[in-house]
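The values are calculated or read from the model by the stated rules, or taken from the named source; none is laboratory data. In this text, all values refer to a predicted model and were calculated from it rather than measured experimentally. All Cβ positions, glycine included, derive from the backbone under ideal geometry; neighbour counts span all protein chains shown.
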């Protein structure tokens, strides 16, 4: 007993207690020995029933992130105690994971007796609270011990948002008038019928040709002092955008943001039955992802755009947790990224002055396919109209300066530079339309394995900003080249390149991994690559429009290229892997506060997830065999 009393006098905060109290504490202690290394407590799981005072040996303590990596390791040696802060400030659950080293001996003070000492002796209690406060000044420590509280913003109003069809909504009736109607009469009718959008028809009244809104009257009439007697057809806005009544609500809102329209016509059985207002839909959805997108659209500074982009992982995590399909989450991420890019482009144009030629800013790769994840970088290019010889250098210099400014600002926000250099700021990827046509013609007609592998991403291009007709003309040119009978070699190398990737599955149905930061992992992105690449090959061969992998698969099924079962298996495989990628990346960014990656350690998966993954990799492998036998031989 004397030995224990002498020992306690050396241990803070027991040294603060009077000797007579310490003598009573000694009688309450129970000695425990750990002859071999032992896992004692798991962070935020194990409940502590006592305060542990280390006499010999040591406790190794640490936090574990979502990949089971040790963070902020700390050793508790002789003369230290563990568990005080956990009991007092973490609802009795261990703040850290604790492993006792072999040969460790501890004295344990029951939890109720420890609490009694805290209540009776203020300095004793303050020792633990003061220590906790100091630790919480460390951002990383605070991150791991901070209690999980409801997020400030809930990005899901209800599950219905992603399962509800437009048919179930109350659409607004179409109010229309002929294009010859005077503008002032149109304004009166809008006021009388209390609508903010009036549609314009041809003189027969049978076909809608445009629309007039409050903003049209403000910007095109009042601001320009236009005679209100003029026909409304002169100021009517175009184009009209429509959606099928059978589509989902989230598809309607995404379409509105993608086309930058505030009004969407609803079509059923070949006729317009009403229209949807973006403001009305968004007000109904309150805290939905689309309200978040609207907030991005209204951002006034680069700092605010960066803050919004930093919030995307939390939004993604909430969507996936509630069971929203990965393909929808992809679209949400891509729409946020698109909205940010558009804001940046408009800001840079304002700073640099009007462009000296018509141009289009297009996005490539995963962004071009609207399949962005949380590990994303910039893949973009610029097409501008051909100009006379004396203007070429001036025009090119402007667009390179413009592209550099856009890319730099996007990088600052968090949409990082492309490590491969596939950005408009690279002089290789900002060119006139005729130059781009020559690029594609050379890639198709003079293809070699190296160039096909390097430039495949350019066959997933999508117009984002500027004159869409330039991108449309380029895409029409590419389709003609693919039909010209000179694309067999190109398609052969494209297919062959796609077959180089092997699913990470061993002969004995285990996982083929490699070492990365102390773990055995495989690359989820590379595991998905065969589906992306091979679907692209078929889409180009069959002249399928669009770039999204899921949409390409659906169209190829309609054309009979894939049977229903093949389509279902590939679609399920692709989006299962996509969901796994997104969940992992969100956890890394939110829970682990570290850069997100595409690497996955199979040991961190449940048995069910491992079995599912093995079946998916088998589907991909079988798909590759089919291509190898049929496609490459046919070419």
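For residue 57, are the conditions met, namely being surrounded by 14 or more Cβ atoms within 10 Å (Cβ to Cβ) and either at pLDDT below 95 or touching a strand residue (DSSP E or B) at 6+ places or on another chain (Cβ under 6 Å) (or both)? Please lay out each step first, then the result.
Values: surrounded by 14 or more Cβ atoms within 10 Å (Cβ to Cβ): yes; either at pLDDT below 95 or touching a strand residue (DSSP E or B) at 6+ places or on another chain (Cβ under 6 Å) (or both): yes.
Against the criterion (surrounded by 14 or more Cβ atoms within 10 Å (Cβ to Cβ) and either at pLDDT below 95 or touching a strand residue (DSSP E or B) at 6+ places or on another chain (Cβ under 6 Å) (or both)), residue 57 qualifies.
Could you list, ordered by first residue, the pairs with Cβ atoms under 6 Å in which the first is in the range 177-196 and at positive phi and the second is modelled with pLDDT of 95 or more and in a helix (DSSP H, G or I), at least 6 apart or interchain?
Close Cβ pairs satisfying both conditions: none exist.
Tell me, please, whether a residue that is outside the structural domain of residue 615 (by TED's automatic domain parsing), modelled with pLDDT under 85 and farther than 30 Å from residue 601 by Cβ can be found in the range 464-474.
Among the residues of the range 464-474, not one is outside the structural domain of residue 615 (by TED's automatic domain parsing), modelled with pLDDT under 85 and farther than 30 Å from residue 601 by Cβ, which makes the answer no.
Within the bounds of the range 420-427, is there any residue that is in a helix (DSSP H, G or I), surrounded by 15 or more Cβ atoms within 10 Å (Cβ to Cβ), free of Cβ contacts under 8 Å to residues at least 60 places away in the same chain and not assigned by TED's automatic domain parsing to the domain that holds residue 492?
Within the range 420-427, none of the residues are in a helix (DSSP H, G or I), surrounded by 15 or more Cβ atoms within 10 Å (Cβ to Cβ), free of Cβ contacts under 8 Å to residues at least 60 places away in the same chain and not assigned by TED's automatic domain parsing to the domain that holds residue 492.
Against the condition outside the structural domain of residue 620 (by TED's automatic domain parsing) and surrounded by fewer than 20 Cβ atoms within 10 Å (Cβ to Cβ), how does residue 517 come out, does it pass?
Details: outside the structural domain of residue 620 (by TED's automatic domain parsing): no; surrounded by fewer than 20 Cβ atoms within 10 Å (Cβ to Cβ): yes.
Here the answer is no, as residue 517 does not meet what is asked.
Let's see how each residue does on (1) at pLDDT 90 or above; (2) part of a helix (DSSP H, G or I); (3) over 30 Å from residue 611 (Cα atoms):
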| position | (1), (2), (3) |
| --- | --- |
| 494 | no, yes, yes |
| 502 | no, no, no |
| 520 | no, no, no |
| 531 | yes, yes, no |
| 540 | yes, yes, yes |
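May I ask you to say which residue of 99, 75 is under 16 Å from residue 42 (Cβ atoms) and either modelled with pLDDT of 85 or more or in the same structural domain as residue 585 (by TED's automatic domain parsing) (or both)?
On the way: 75 fails: under 16 Å from residue 42 (Cβ atoms).
Going through 99, 75 in turn, just one is under 16 Å from residue 42 (Cβ atoms) and either modelled with pLDDT of 85 or more or in the same structural domain as residue 585 (by TED's automatic domain parsing) (or both): 99.
Among the residues of the range 579-594, are any more than 17 Å from the chain's Cα centre (by Cα), on the phi > 0 side of the Ramachandran plot and assigned to a loop (DSSP other than H, G, I, E, B)?
No.
What is the one condition in (1) in a helix (DSSP H, G or I); (2) at pLDDT 90 or above; (3) surrounded by fewer than 19 Cβ atoms within 10 Å (Cβ to Cβ) that residue 367 does not satisfy?
Result: residue 367 passes all but (3).
Would the range 610-617 turn up any residue that is in contact with a helix residue (DSSP H, G or I) (Cβ under 8 Å, 6 or more places away or on another chain), surrounded by fewer than 18 Cβ atoms within 10 Å (Cβ to Cβ) and modelled with pLDDT of 90 or more?
no
Can you tell which of 29, 48, 8 is under 30 Å from residue 587 (Cβ atoms), outside the structural domain of residue 517 (by TED's automatic domain parsing) and touching a strand residue (DSSP E or B) at 6+ places or on another chain (Cβ under 9 Å)? So that I can check it myself, show each step before the final result.
Working: 29 fails: under 30 Å from residue 587 (Cβ atoms); 8 fails: under 30 Å from residue 587 (Cβ atoms).
One residue alone meets the criteria, 48.
Could you please let me know if residue 485 is surrounded by fewer than 19 Cβ atoms within 10 Å (Cβ to Cβ) and within 15 Å of residue 363 (Cβ to Cβ)?
Spelling it out, it is not the case that residue 485 is surrounded by fewer than 19 Cβ atoms within 10 Å (Cβ to Cβ) and within 15 Å of residue 363 (Cβ to Cβ).
Return the only residue of 316, 266 being touching a strand residue (DSSP E or B) at 6+ places or on another chain (Cβ under 7 Å) and touching a residue at least 24 places away in the same chain (Cβ under 8 Å).
Selected residue: 266, the only one of 316, 266 that is touching a strand residue (DSSP E or B) at 6+ places or on another chain (Cβ under 7 Å) and touching a residue at least 24 places away in the same chain (Cβ under 8 Å).
Among 345, 333, which is the only one that is part of a helix (DSSP H, G or I), outside the structural domain of residue 579 (by TED's automatic domain parsing) and in contact with a strand residue (DSSP E or B) (Cβ under 9 Å, 6 or more places away or on another chain)?
345
Select from the range 440-454 the residues that are in a helix (DSSP H, G or I) and surrounded by 18 or more Cβ atoms within 10 Å (Cβ to Cβ) and list them in ascending order.
440, 443, 444, 452
Can you pull out the residues in the range 202-216 that are part of a strand (DSSP E or B) and more than 16 Å from residue 266 (Cα to Cα)?
Filtering the range 202-216 for residues part of a strand (DSSP E or B) gives 208-213.
212, 213 - these are the residues of the range 202-216 that are part of a strand (DSSP E or B) and more than 16 Å from residue 266 (Cα to Cα).
Taking residue 68 as the residue in question, decide whether it is over 18 Å from residue 110 (Cβ atoms), without any contact (Cβ under 8 Å) to a residue 60 or more places away in the chain and exposed (fewer than 14 other Cβ atoms within 10 Å of the Cβ).
Numbers: over 18 Å from residue 110 (Cβ atoms): yes; without any contact (Cβ under 8 Å) to a residue 60 or more places away in the chain: no; exposed (fewer than 14 other Cβ atoms within 10 Å of the Cβ): yes.
Here the answer is no, as residue 68 does not meet what is asked.
If I ask for residues that are in contact with a strand residue (DSSP E or B) (Cβ under 6 Å, 6 or more places away or on another chain), part of a loop (DSSP other than H, G, I, E, B) and crowded, with 16+ Cβ neighbours inside 10 Å, which ones from the range 217-239 would you list?
236
Just give me the residues in the range 455-482 being assigned to a loop (DSSP other than H, G, I, E, B) and exposed (fewer than 14 other Cβ atoms within 10 Å of the Cβ), in sequence order.
Scanning the range 455-482 gives no hits.
Can you confirm whether residue 29 is at pLDDT 90 or above, touching a helix residue (DSSP H, G or I) at 6+ places or on another chain (Cβ under 8 Å), more than 30 Å from residue 594 (Cβ to Cβ) and surrounded by 16 or more Cβ atoms within 10 Å (Cβ to Cβ)?
yes
Considering only the range 398-419, state which residues are part of a loop (DSSP other than H, G, I, E, B), free of Cβ contacts under 8 Å to residues at least 60 places away in the same chain and surrounded by fewer than 19 Cβ atoms within 10 Å (Cβ to Cβ). Step through it out loud before you land on a result.
The initial filter retains those residues of the range 398-419 that are part of a loop (DSSP other than H, G, I, E, B), namely 414-415, 417-419.
Next, from what is left, pick out any that are free of Cβ contacts under 8 Å to residues at least 60 places away in the same chain: 417-419.
Within the range 398-419, 417, 419 qualify.
Just name the residue that is modelled with the lowest pLDDT out of those in the range 320-330 that are surrounded by fewer than 23 Cβ atoms within 10 Å (Cβ to Cβ) and assigned to a helix (DSSP H, G or I).
Going through the range 320-330, the residues surrounded by fewer than 23 Cβ atoms within 10 Å (Cβ to Cβ) turn out to be 320-325, 327-328.
If we keep only those that are assigned to a helix (DSSP H, G or I) too, we end up with 320-321, 327-328.
Values: 320: 87, 321: 82, 327: 90, 328: 88.
Once the filter is applied, the top-ranked residue is 321.
Could you check residue 114 against (1) in a helix (DSSP H, G or I); (2) farther than 18 Å from residue 79 by Cβ; (3) modelled with pLDDT of 90 or more and say which number it fails?
(2)
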